[in-house]
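To keep things clear, I will list the structure first and then write my remarks on it.
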Amino acid sequence: MLNGPFDTPFQRIKRNIARATNYLNKQEYGKAINAALIAFAHVKDCSNVYGQQRIEMRFILKEFCDKFNTTPGILLILSKLKINAQPFLKYQKGKELQLAKRLYMLGTLLEKLEKNREKKKKMAVQQRKRLLIGKGQEYLNKGESPRGKAYLRRAAYEFRKEPAVVIDISKRLLKAKFYQEAAEIMEECRLHFPKESKLYRLIVYAYVSMHEFKKAEQVYLDALRQFGSHPMTLLNMSKLYLYWNKRDKAFEYARRALDAAPNLEEARRIMEKTA
């Protein structure tokens, strides 16, 4: 809790000014302004504070204003916002409300500045993503496979925390019949996003295309553990075993699929074929 139930307004001012100063030192200027605003808001509750405490209260408020006015990061922000008033916070006793209004105004402008910065950052990230994937696809289309794969691998690495991007890249590689590269990228992604169901189907496709049936089987087994015995997963395992010429396994999983979904005619046909 920032404020205890038995704190005095004076104690809250001290604590929040200390927090604001700490945030200034850490260059977390939005948090510094918010903490300072809380402190200034409690000044009106200190009408019964006299003597040494009142002197101390005014001293710490003035000290904060002086530090705020000379903090390089704050000066840079004021310059960017074209705010030329110096000093920005000129402490005068009895004028705390006006200082709070100036701080609030700056906090609002700073928030807008941060939103614009984040927007530009996101736009740059999207541009980078389009560049890498676009170049990769362009080189694949030209038949320059090494360069195409290099761009797509780079994109998969830089955006490895976005499964949708990894899946898109993998589909492009699969379409170009680079099954091993696609499988490696997706397996890495699956380690971090085991609940991303689309990965399992595509990885199996890559392994089956390379006749890596044992690896495809393991992916299906992982899917069963992760998502449960879904009828379509069981049916697809049955089809894998049939293609692999493991007829007993094909029959077993077709039966399990049919038990789970009695209307699954494809499972019934596999059972008849492998009986």
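The values are calculated or read from the model by the stated rules, or taken from the named source; none is laboratory data. Being a predicted model, the structure only gives us computed values, none of them experimental. Please note: Cβ atoms are built from the backbone with ideal geometry, for glycine as well, and neighbour counts cover all protein chains shown. Surface accessibility is based on the protein's heavy atoms, side chains included, excluding ligands, DNA and RNA. Shrake-Rupley method; radii C 1.70, N 1.55, O 1.52, S 1.80 Å.
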Taking R54 and the conditions (1) within 23 Å of L76 (Cα to Cα); (2) open to solvent by 30 Å² or more (accessible area, probe 1.4 Å); (3) assigned to a helix (DSSP H, G or I), which numbered condition does it fall short on, given that it satisfies the others? (1)
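Quick check on K122: is it open to solvent by 30 Å² or more (accessible area, probe 1.4 Å), among the basic types (K, R) and within 17 Å of A32 (Cα to Cα)?
On the way: open to solvent by 30 Å² or more (accessible area, probe 1.4 Å): yes; among the basic types (K, R): yes; within 17 Å of A32 (Cα to Cα): no.
No.
When you scan segment 72-80, do you find a residue that is charged (D, E, K, R) and either at pLDDT 90 or above or farther than 21 Å from E114 by Cβ (or both), even just one?
No, segment 72-80 contains no residue that is charged (D, E, K, R) and either at pLDDT 90 or above or farther than 21 Å from E114 by Cβ (or both).
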Yes/no for K82 being among the basic types (K, R) and either in contact with a Ser or Thr (Cβ under 7 Å, 6 or more places away or on another chain) or surrounded by 15 or more Cβ atoms within 10 Å (Cβ to Cβ) (or both): no
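Would you confirm whether or not segment 103-111 contains a residue that is without any contact (Cβ under 8 Å) to a residue 60 or more places away in the chain, under 16 Å from H42 (Cα atoms) and surrounded by fewer than 14 Cβ atoms within 10 Å (Cβ to Cβ)? Break it down stepwise before answering.
Here is the first cut: in segment 103-111, the ones without any contact (Cβ under 8 Å) to a residue 60 or more places away in the chain are 105, 108-109.
Now restrict to residues that are under 16 Å from H42 (Cα atoms): none.
The answer is no, given that none of the residues of segment 103-111 is without any contact (Cβ under 8 Å) to a residue 60 or more places away in the chain, under 16 Å from H42 (Cα atoms) and surrounded by fewer than 14 Cβ atoms within 10 Å (Cβ to Cβ).
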Among N25, N34, which is the only one that is open to solvent by 80 Å² or more (accessible area, probe 1.4 Å), at pLDDT 90 or above and closer than 18 Å to E111 by Cβ? N34
Does R117 satisfy being part of a helix (DSSP H, G or I), open to solvent by 70 Å² or more (accessible area, probe 1.4 Å) and closer than 30 Å to R201 by Cβ? no
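How about segment 57-78: which of its residues are open to solvent by 80 Å² or more (accessible area, probe 1.4 Å) and charged (D, E, K, R)? Full working, then the answer.
Start the filter on segment 57-78 by keeping residues that are open to solvent by 80 Å² or more (accessible area, probe 1.4 Å), which leaves 59, 62-63, 70, 72, 76.
Residues satisfying the conditions are K62, E63.
Take residues that are open to solvent by 80 Å² or more (accessible area, probe 1.4 Å), under 30 Å from N141 (Cα atoms) and among the basic types (K, R) and tell me which of the helices (runs of 4 or more DSSP H) falling wholly in segment 166-275 contain 2 or more.
Details: elements: 179-192, 197-209, 213-227, 231-243, 247-260, 265-274.
Answer list for segment 166-275: 197-209.
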